[in-house]
Amino acid sequence: MDLENEPEYYCTCGECPETQISRRTTTRIMFGALQAMQDLRHEAERLDPNTIIDDVDLRCTYPYNWIPPDVGEIRREALIGAHNILLVIYIILQEGGVPDSQAIREICEKEEEQLQFTSDYMQCGGSVVYILDELTNQVEADLGGDACYIDTEELIDALEQIRSCALDNNLHYWRAALGFN
């Protein structure tokens, strides 16, 4: 499908940035990142420092989906690292930008003291690209009705404050901006 020639894929609200990612879609992605950060933080808090997660069944459950499935040793710190990468993505989105995987890696390296354990996440086999793809897949699942969570009241309220657009919930431009197409 050539979205460039389909009229329903043009901005109809007049508020979409040049990326053609609607504000409502960006908001939904941001809330997906917030939910994932909360779940990763909660899981990490229940584990002792340097705990090795070697239970194969546990590694196949949420929120361990933020860690690539075929990685080596996973420690609690990798969960915190994934959380902190999502935090950088959230901040970039909040400031009106589109996450660039190289820029995120550079921010994590530069701010290593505040964004602890991102290197642990990378060393266990994780990547910024994996997190961006997983975040996109989570939002697609939410939109398709296959979500782990229903939309929260806070998300519903936030979406109601934003003018609707033909580009809402269209992740084609989001994927293109990330270089996933």
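The values are calculated or read from the model by the stated rules, or taken from the named source; none is laboratory data. Everything quoted here is computed from the prediction, not taken from an experiment. Every residue, glycine as well, gets a Cβ built from its backbone with ideal geometry; the counts of neighbours run over all protein chains shown. For the accessible areas, the whole protein counts, side chains as well, though only heavy atoms, and no ligand, DNA or RNA atoms are used. Shrake-Rupley method; radii C 1.70, N 1.55, O 1.52, S 1.80 Å.
Counting only residues that are more than 16 Å from D133 (Cα to Cα) and at pLDDT 80 or above, the stretch 60-80 holds 9 of them. In a helix (DSSP H, G or I), more than 25 Å from R59 (Cα to Cα), in contact (Cβ under 8 Å) with a residue 60 or more places away in the chain and under 15 Å from the mean Cα position of the chain (by Cα), is that true of L159? Judged against the criteria, L159 is not a match. Whenever a residue of the stretch 109-127 is in contact (Cβ under 8 Å) with a residue 12 or more places away in the chain and open to solvent by 40 Å² or more (accessible area, probe 1.4 Å), its partners that are in a loop (DSSP other than H, G, I, E, B) and β-branched (V, I, T), lying with C-beta atoms within less than 8 angstrom and at least six residues away or across chains, give the pairs G125/I67; G125/V71.
If the condition is being open to solvent by 50 Å² or more (accessible area, probe 1.4 Å) and of a type outside the set (S, T, Y), then the stretch 61-71 contributes P69, D70. Checked against the criterion of being polar (S, T, N, Q) and not in a helix (DSSP H, G or I), the candidates Q102, Q116, Q38 yield just one match: Q116. For A78, all conditions in the list (1) under 19 Å from L159 (Cα atoms); (2) small (G, A, S); (3) touching a helix residue (DSSP H, G or I) at 6+ places or on another chain (Cβ under 6 Å) hold save one; what is the number of the exception? Answer for A78: the failing condition is (1).
Set side by side, the residues L58, L93, L79, L86 differ, and just one is part of a helix (DSSP H, G or I) and surrounded by fewer than 15 Cβ atoms within 10 Å (Cβ to Cβ), which is L58.
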